[in-house]
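Each remark here refers to the structure printed beneath this line.
Each reported figure results from applying straightforward, stated rules to the coordinates on display, with no laboratory input. Because the structure is predicted, anything quoted here is derived from the model rather than measured. Cβ: placed from backbone, ideal geometry, glycine included. Neighbour counts: every protein chain shown.
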Amino acid sequence: MTRKSVQLIREGERVAEVSVEIEEAGAWGATVGFADIAKLDRVRRALRAGDIRGAHR
């Protein structure tokens, strides 16, 4: 089962909301896919660099 979630990424005074899909994996708990992890990392790096437009993409 997959559900959508919004993760808040904070870097300094900046905050971004990032939509991700969370998969319920039974006994192993919830997991986030590689593409969504890459998206979270890309947004975090952009915020850290002060690139608001880059974080928006």
Q: Check every one of the strands (runs of 3 or more DSSP E) wholly within segment 1-55 and list those with 3 or more residues that are loosely packed, with under 11 Cβ neighbours inside 10 Å, in contact with a strand residue (DSSP E or B) (Cβ under 7 Å, 6 or more places away or on another chain) and not acidic (Asp, Glu).
A: 2-11
Q. Considering only segment 16-45, how many residues are over 9 Å from the mean Cα position of the chain (by Cα) and without any contact (Cβ under 8 Å) to a residue 12 or more places away in the chain?
A. 10
